[in-house]
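One structure below.
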Amino acid sequence: MKASTFIGLCLAGVSLSILSACSNSAPTTTTSSAPSSASPASADHAGMSHAKKININNALLSQLDKLEAKLGIPSLSNKIQSSRPYAKSEELVSKNVINQAQFDQIKDMVTIEEIALTGEAKDLDYMVKLGLMKGHMYVAKELLNLGKPDQAEPHIGHPVEEIYADVEDQLKERGVKEFKTSLMALQELVKAGAKDKAKVNAEFDTSMKAIDGAIAVLPEAQRKSPEFVIQVMNGLLDTANSEYGAAIADGKIKEAIEYQDSRGFVAYSNELYKGISSQIAAKSPDTGKKISVALKELTLNWPTPVPPAAPVKPTEEVSKLIKEIETSGQAIK
Amino acid sequence: MSQPIPAFWNRRKIIQAGIGASLGIGGAAIAWSQRQSLISPQAAVKVPSTVPMHHGDRNHGSSISPTDMLRDFDRGTVTQENGRTVREFKLVAQSGELQLDKGNKFITWNLNGRVPAPTLRANEGDRIRIVFQNKGGHAHSLHFHGDHPANMDGIKPVRNGQVFIYEFDAKPFGVHLYHCHVAPVTRHIGKGLYGMFIVDPPTPRPLADELVLIMAGYDVNGDDKNELYAFNGIPHYYMHNPIAIQQDQLIRLYVLNMIELDIAATFHLHANLFTVNQTGRSPTVGSYETDVITMGTAERHILEFKYHETGKFMFHPHQDFMAEAGCMGYFDVIANA
């Protein structure tokens, strides 16, 4: 890969990626000095030789399934995911994910370069980020209601500090009015001790409405699609899993912030699931039941906004439940 | 689950194994021997083996070894692309437990299981490629000091589960650092997401025993004050495991102050003076001599000295509360035969 090309592509500055740019099978020719996040959608339909490239570092399981289907290797998507990160596409071979002959069949479909997101992948990326914001806000609100602004503060901070910069371009592109100002105003009020409760509540509602408004720009069909929502849940629950692990040492909950973060993500996952559970139950009662049971059991691990001294279940059990939901969810197509 | 910090390759063991690579000890060992061959001139430097003053569990059960970290320079996987040297590094952010002392187990946010993160090293002008994977839960990023384009500045968060590849030229030569730049940065650095980045000048510096010392603070109870301090990750470590160095041999210390929550730390060396090469920006020698150098957070220098006297000599910040709370160690000067 040419260095200059890499920089050009990185200007897109996005993480989850499917290349839909005009692919004349030589990515090294797509050097550009301008931000390339807006790769023309029309290129999608430009001709037969146009293959969508899959970023093997960041693609969702559902995108990797295209490789799995092409090569006919069971659970290849999961194998690709678990062998991340890749510095080069060829590492699929050197890391023994697939063999050289198999790689030759898919090498034109895969890349490690940052490429502009499109379609469902782009919507998912956007929705997961906003979902994480919602989770933070949920737990922040609980702590505010408990009269613990000091504990609420980091969770009001996280949407600004960790997420906003990562979703800002998409918000603009989708015509969503900026709400960083509102989030920061809320953070300042809470930092100062949340003394004027009415003012804090009003500012909180403004921020929450802004996040809901940002979510609402996604087409309703998308937001109510079980396949879409379950993938959003996976993104939230994966993050909850890592944060829950980072809260616990020596069988004790030592870091309240990470416990609370994960509580918020699980809470919002529950809300998301409510919106699709009847559809799933109608289509596949077995899958629906599996997910409902696992999700219910998972949620019991966050009994209160202020963490208990000891975890309800060991972290391994929490990871297992999350994995179960993810695996069951893969059946929803 | 917080993963225990994976075993850190014991450099001496691998060297002792000698033909470790051909015996198939594993990928890491092979990478090591390749790295060794790249710094073969350093083979002329005498590195006495360190003898712990007290036997027993001085790592407090943590599997990282500050002794190994001293001279562990990660030069990456080297390839040639379009006629230039590319050094590729893989850094994975995750969380893990680190036993700081008998009374404190700390949940770190670390890179590749290490606090501090690997010391990355390149020659000026090399192409650097960092494959960064975030498995830490929180969003993280890698911000390098030194020159690079805006889109490689590492201030954009990389959320959990994502990979971002940073790529830029190693310049200018000197001692730099890298760290997570997601707010609150104090917490992200305080948890362990920092490391040194050394860029060597076009003409190599004179032969010396080169050592990395990174000062850091630990806020173990979340009160925005540091309760413990350390060189290279573990408090008090070099008090119990003095750093063995050779009498009259040139020592080149790469020192970084990565202490958050305190304004500055004044590195002090006992019974000696060192030359200060500020940010390592002189290709040859330091600009002045002293035995105390005050460094703000993220400030770093090359300090050079030799010991003619043998025996044990302390080093520590002269903010003595920091020293006594763990940021203190010994050099053990071994006599020439």
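When A:Ala216, A:Ala294 are checked against the criterion of being without any contact (Cβ under 8 Å) to a residue 12 or more places away in the chain and away from chain B (no Cβ under 14 Å), A:Ala216 stands alone in meeting it.
Please state which one of A:Ser49, A:Ser39 is buried (at least 16 other Cβ atoms within 10 Å of the Cβ), modelled with pLDDT under 95 and not in a helix (DSSP H, G or I).
Numbers: A:Ser49 fails: buried (at least 16 other Cβ atoms within 10 Å of the Cβ).
Going through A:Ser49, A:Ser39 in turn, just one is buried (at least 16 other Cβ atoms within 10 Å of the Cβ), modelled with pLDDT under 95 and not in a helix (DSSP H, G or I): A:Ser39.
Among what's in region B:292-312 and is outside any strand (DSSP E or B) and among the polar types (S, T, N, Q), pick the residue that is surrounded by the most Cβ atoms within 10 Å (Cβ to Cβ). So the residue we want is B:Thr297. For region A:144-155, taking the residues that are touching a helix residue (DSSP H, G or I) at 6+ places or on another chain (Cβ under 7 Å) and in contact (Cβ under 8 Å) with a residue 40 or more places away in the chain, the one that is surrounded by the most Cβ atoms within 10 Å (Cβ to Cβ) is identified as A:Ala152. Considering (1) within 12 Å of chain B (Cβ to nearest Cβ); (2) within 19 Å of the chain's Cα centre (by Cα), say which one A:Arg174 fails and leave the rest. That leaves (1) as the condition not met. From the list A:Asp238, A:Asp261, A:Asp250, the one residue that fits, being closer than 29 Å to A:Ala310 by Cα, facing chain B (nearest Cβ under 9 Å), surrounded by fewer than 18 Cβ atoms within 10 Å (Cβ to Cβ) and among the charged types (D, E, K, R), is A:Asp250. If you check A:Ile211 against the conditions, is it within 14 Å of chain B (Cβ to nearest Cβ), under 23 Å from the mean Cα position of the chain (by Cα) and buried (at least 18 other Cβ atoms within 10 Å of the Cβ)? When the stated conditions are applied, A:Ile211 does not pass them. Restricting attention to region B:85-131, the residues that are more than 21 Å from B:Arg159 (Cα to Cα), within 11 Å of chain A (Cβ to nearest Cβ) and surrounded by fewer than 19 Cβ atoms within 10 Å (Cβ to Cβ) add up to 2.
The strands (runs of 3 or more DSSP E) found wholly in region B:229-291 and carrying at least 2 residues that are closer than 15 Å to B:Phe313 by Cβ and more than 17 Å from the chain's Cα centre (by Cα) occupy B:243-246, B:264-269. Across region A:98-107, a minimum of one residue is classified as away from every other protein chain (no Cβ under 14 Å), under 30 Å from A:Gln222 (Cα atoms), touching a Lys or Arg at 6+ places or on another chain (Cβ under 7 Å) and in a helix (DSSP H, G or I).
Residues of region A:294-317 include none that is of a type in the set (Lys, Arg) and buried (at least 22 other Cβ atoms within 10 Å of the Cβ).
Of the numbered criteria (1) within 14 Å of chain B (Cβ to nearest Cβ); (2) free of Cβ contacts under 8 Å to residues at least 60 places away in the same chain; (3) acidic (Asp, Glu), the one A:Asp286 fails is (1). Of all residues in region A:136-154, exactly one satisfies the criterion of being touching an Asp or Glu at 6+ places or on another chain (Cβ under 8 Å) and either more than 19 Å from A:Glu243 (Cβ to Cβ) or within 12 Å of chain B (Cβ to nearest Cβ) (or both), namely A:His136.
Can you confirm whether A:Glu243 is out of contact with any His (no Cβ under 6 Å at 6 or more places or on another chain) and either more than 14 Å from chain B (Cβ to nearest Cβ) or of a type in the set (A, V, I, L, M, F, W, C) (or both)? Here the answer is no, as A:Glu243 does not meet what is asked. Looking only at region A:313-333, filter to residues that are away from chain B (no Cβ under 14 Å) and either more than 21 Å from A:Leu61 (Cβ to Cβ) or modelled with pLDDT of 95 or more (or both); which one of those is farthest from the chain's Cα centre (by Cα)? Looking at the filtered set, the residue picked out is A:Glu324.
The values are calculated or read from the model by the stated rules, or taken from the named source; none is laboratory data. What you see is a predicted model; the values in this text were computed from it and never measured. Because the Cβ atoms are built from the backbone with ideal geometry, glycine has one as well, and the counts that use them run over all protein chains shown.
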